[in-house]
Amino acid sequence: MRPTFLAFETASRAIAASQANIDVTGNNIANINTDGYTRQRVDLTSISNSGYNQKYTAPCESVGLGVDVNSITQIRDPFLDARYRLQNAETSLYSTLIAGLTDLESVFDETETEGLQSEISNFINQLQILSQTPTSQDIALVARTAAQKLTEIINVYAHQTQQVREQQIYDLSKVVIETDFNTLVKNIANLNTQIRDELTHGNTPNELYDKRNTLIDQLSGLVNIKVTVKPEKISEDLTIENLNIALYDPKTGITIGLIDNGLYNTLNASLNNVTNTMQIEINSSFGAYSGDITRYFSSGSIKGYLDLINGKGHYADTSVIPGENTFRGTLFYENAMNTFASNFAHILNEINTDSDGTPKPLFKASDGSSIITAANISISDEWEQSPSYITTTTSNTSDGGADNIIRMINALTSDMNFYRNPEDTSSEIMFAGSANQYMTGLIGELSLDVELNGNFSDTASYVLNNLFTYREAISGVSLDEEGINLMAFQKSYNAAARYFTALDEALDRIINGMGL
């Protein structure tokens, strides 16, 4: 016969389980607007009345001992978490690229401001006017001024492009890596230690889980990560899970440990003075990898910054330096402007000679270098001192011809080859066309990159928002759902209390109403 007072234990557990459900539901409702909060639930288990001795006794009816509150757990979908973090890395990559390319686009803006193409056209116009009156000192002065303005705008383009690159370098090294990444891995590792301590002492640190998941989501926006959980047996009755995070490169399949429970590795970014590219090294406190890991970043905002800083486009020589970045970043536009400046200066310097073929350079490198670049191109000292230094004709006649000016105009308006090294015509041809066509093509490439990556960014953001919605449908708090649960658990609580009252009335009948 079932003991009389055992039913009170069943009723007591029913009230405790209903109270736990009401408390958890109230906690969910209270945190409906809490960022990063994960909906919680009560895990209940039925208590069996069966035992070993019942196998050897006469069969009889058996009733369970009620319900037990096993744990308070979070409702999360690990698969959705992994998809969301993978998509977050891709979205952050394109957002970073768009921000940097938009800065470059403002440098090469030829629509709202009179830029380089306008100055090229103005210089050609002044040469045409000079060809009509080649002996005029005033017109020669105006032509020289137009050339000077042209070199100055090239200098401005080079300077502003370098400023964009320096800003990207600063943001990557000082903000994204030193401040964001290194702080995140440290905080996640510290949370791992706290969570492990709580689990060891038998507690369920759901709030710590929420904080850690929020930080992992933020980390996934910086780099391409892979999150794994490894079980650790603490005792015969307790097994806990340790969380590890690694940098994962899908191209090579290589994983580089970032966080191993309470241990963490930090990153350091520096500019390689030999290659003039950004290099990221891992400061390893565990794991097999140390030193340069730049090539293993495949997504996230750090990859975006590396593309903007190190991207050389078709100036990258992968046959000489394997793995060079072929994205059209700041180095590509720096090199493209250097190609324009050096070829522009080389062609006009070659044309401007005396009648006996003696060179009379019109342009020079302002810093004394032997190589003319966009940053140092300027008119020569001789031309600056004397506007008539430009050779109008190479004939020995004194009729004031302008055949040499015509050659300059033809050179600038006709198709020509822009060589990687204008001093070596066997070097690679980077572009074939006129000076204005060169700049039109360069600006067109930049506009195309902005539009293309903008489309990628929009698509990635749309997918990310959908994944966030799916994840919130599972892990987020729904006020309607929690309200229904609250009413249901309240009824179950009332029923358990009524059960208790019924038992009390029955016991009162047994004690006070029987055997009289």
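Structural remarks
- Only protein heavy atoms count here; under a 1.4 Å probe, Tyr470 has an accessible surface of about 130 Å².
- Packing-based order for 149-161, 92-104, using average beta carbon neighbours within 10 Å, highest first: 92-104, 149-161
- For the chain, the fraction of 1.4 Å probe accessible surface lying on carbon and sulfur atoms is 51 percent.
- Tilt relative to the chain, helix 403-413 - C-alpha long axis, 0 to 90 degrees, to 10: 20 degrees
- For the chain, the longest principal axis of the Cα atoms and the long axis of helix 78-107 meet at an angle of about 20 degrees.
- For the chain: relative contact order, % (alpha-carbon pairs under 8 angstrom, 6 or more apart): 20 percent
- Sorted largest first by accessible area at a 1.4 angstrom probe radius, with every protein chain in place, the residues Leu507, Leu448 fall in the order Leu448, Leu507.
- Separation between Cα centres of segment 220-241 and segment 261-300, rounded to whole Å: 24 Å
- Helix-derived mean residue ellipticity, 222 nm - over the chain, DSSP H n ≥ 4, -39500 (n - 2.57), to 500: -18000 deg cm²/dmol
- Solvent-accessible area of Lys233 with every protein chain in place, 1.4 Å probe, in Å² to the nearest 10: 130 Å²
- Rounded to the nearest 20, the Cβ-based charge dipole of the chain about its Cα centre (Lys and Arg +1, Asp and Glu -1) stands at 1980 debye.
- Between helix 6-30 and the chain: long-axis angle, C-alpha atoms, 0 to 90°, nearest 10: 20 degrees
- Out-of-range pairs (alpha-carbon distance over 22 Å; input Lys174/Lys303; Lys174/Lys226; Lys186/Lys211): Lys174/Lys226
- Solvent-accessible area of Lys360 with every protein chain in place, 1.4 Å probe, in Å² to the nearest 10: 30 Å²
- Computed about the Cα centre, the dipole magnitude for segment 246-342 is approximately 180 debye when only Lys and Arg (+1) and Asp and Glu (-1) carry charge, each at its Cβ.
- Exposure rank, largest accessible area first [Val142, Val164; 1.4 Å]: Val142, Val164
- Against the rule of thumb 2.2 N^0.38 Å, how large the Cα Rg of segment 269-331 comes out: 1.15
- Close amide H pairs (under 5 Å, H built 1.01 Å from N) link Ser378 with Lys364, Ser366, residues at least 5 positions away or on another chain.
- Note on the chain: the C-alpha convex hull projects to 35.3 nm² when averaged across all orientations.
- Å² of accessible area per residue within the chain, as computed with a 1.4 Å probe and no ligands counted: 51 Å²
The values are calculated or read from the model by the stated rules, or taken from the named source; none is laboratory data. Everything numeric here is computed off the predicted structure, so don't read it as measured data. FYI the Cβ positions are ideal-geometry reconstructions off the backbone, even for glycines, and counts take in every protein chain you see. These area figures cover heavy atoms from the full protein model, side chains too; ligands, DNA and RNA do not enter into them. Shrake-Rupley method; radii C 1.70, N 1.55, O 1.52, S 1.80 Å.
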